[in-house]
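> Before I ask anything, let me first share the structure, which is written out below as structure tokens.
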Amino acid sequence: LILNNSQAGFRGPNQWPGMCQAGTRQSPIDLDPQVAVPGHFEPLVLLNYDRPVSANITNNGHTVMLNMEQPCEIVMAAGGLPAVYRLEQIHFHWKSEHTLEGKRWPLEMHMVHYDRRFKKFSEAAKIKKGLAVLAVLFYETKEPNNGFQPMLESMPKVSHVEGTPFKLSQHVILQDLLPHELNYFYHYAGSLTTPNCDESVVWTVLAQLVPVGEEQVVAQFHKIQSHHEPLISNYRPVQKVNNRLIYLQQP
Ligand code: 1SD
Ligand code: ZN
């Protein structure tokens, strides 16, 4: 499995199996206010995002991931979501997977949640709308974003070590990684962006961007290694919208 787009020929995204080729509701997509229809949803509800939480950090060979201990009480609901979803893990793509009016941003965060009526993530992942991913796009600034500090503190431990989880030495406050405006988002039905690209995800992509320090991206995310080589990028190309409605909720 090759996620590094610098190697995107053999076994790259164009050769991924199953739904990745056959699907019609795939992710990521380009997001464009001209194409979107207005959303009239209730505001998003994010519960316990303001709480300091402990997590494990892992380099899984295609991204760096923070795992929450389950069952966790950090949940996402409303905002057009058909259920209440529990946070399973957070991971990153560099550069962004979703593009905004054709523009790709340097970093995208995926907060992966599963319908809490299921006992565990893997069961919900097989069901349409079983998963809800909250995505945040970042733009680079000279100043570092302190919200990343607890995570970046532990990143050097995993950058050259694949598959081993380490406990974060500090607690993270998830809200510190979110934009101020939460009632401004794209909402659509899509898929996981890695094989087998199951079409089980309700996507909420926040439309207000968040700053991240250039150095934080270059000196930390770009140092993550996969098979002893820097993981230069790990985004899937944008997919066809087909006959889906893409909603844009505006404050
Ligand atoms: O790429 C991630 C993958 O690492 C895994 O976390 C999966 C959930 O099992 O989700 C995809 S993604 O669609 O959130 N990018
Ligand atoms: Zn992802």
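> With the requirement that a residue be in contact with a helix residue (DSSP H, G or I) (Cβ under 9 Å, 6 or more places away or on another chain), more than 17 Å from Met109 (Cα to Cα) and either hydroxyl-bearing (Ser, Thr, Tyr) or buried (at least 18 other Cβ atoms within 10 Å of the Cβ) (or both), what does the stretch 200-235 give you?
Selection gives Ser200 alone.
> Where residues in the stretch 62-76 are part of a loop (DSSP other than H, G, I, E, B) and within 14 Å of ligand 2 (Cβ to nearest atom), which of them is modelled with the lowest pLDDT? Break it down into steps so the answer makes sense when it comes.
Applying the first criterion (part of a loop (DSSP other than H, G, I, E, B)) to the stretch 62-76 yields 62-63, 68-74.
Retained after the next criterion (residues that are within 14 Å of ligand 2 (Cβ to nearest atom)): 62-63.
On the way: His62: 94, Thr63: 97.
Residue satisfying both the conditions and the ranking: His62.
> Looking at (1) modelled with pLDDT of 95 or more; (2) away from ligand 2 (no atom under 15 Å from the Cβ), can you tell me which one His91 breaks?
Going through (1) modelled with pLDDT of 95 or more; (2) away from ligand 2 (no atom under 15 Å from the Cβ) one by one, His91 breaks only (2).
> I'm checking my understanding of the structure. Among residues of the stretch 124-145 that are within 17 Å of the chain's Cα centre (by Cα) and assigned to a loop (DSSP other than H, G, I, E, B), which one is nearest to ligand 1 (Cβ to nearest atom)?
The selected residue is Ala125.
> Being within 16 Å of ligand 1 (Cβ to nearest atom) and surrounded by 20 or more Cβ atoms within 10 Å (Cβ to Cβ): is that true of Phe121 here? If you could, list the steps in order and put the result at the bottom.
On the way: within 16 Å of ligand 1 (Cβ to nearest atom): yes; surrounded by 20 or more Cβ atoms within 10 Å (Cβ to Cβ): no.
Taking the combined requirement at face value, the residue does not satisfy it.
> Report whether or not Leu87 is among the aliphatic types (A, V, I, L, M), buried (at least 24 other Cβ atoms within 10 Å of the Cβ) and either in contact with a His (Cβ under 6 Å, 6 or more places away or on another chain) or over 18 Å from Met151 (Cα atoms) (or both). Step through it out loud before you land on a result.
Details: among the aliphatic types (A, V, I, L, M): yes; buried (at least 24 other Cβ atoms within 10 Å of the Cβ): yes; either in contact with a His (Cβ under 6 Å, 6 or more places away or on another chain) or over 18 Å from Met151 (Cα atoms) (or both): yes.
Against the criterion (among the aliphatic types (A, V, I, L, M), buried (at least 24 other Cβ atoms within 10 Å of the Cβ) and either in contact with a His (Cβ under 6 Å, 6 or more places away or on another chain) or over 18 Å from Met151 (Cα atoms) (or both)), Leu87 qualifies.
> Which members of the stretch 196-227 meet the condition of being under 22 Å from Pro28 (Cβ atoms), away from ligand 1 (no atom under 16 Å from the Cβ) and assigned to a loop (DSSP other than H, G, I, E, B)?
Ala207, Gln208, Leu209
The values are calculated or read from the model by the stated rules, or taken from the named source; none is laboratory data. Given the structure is predicted, the values throughout are model-derived calculations rather than measurements. Virtual Cβ from ideal backbone geometry, glycine too; neighbours counted across all protein chains shown.
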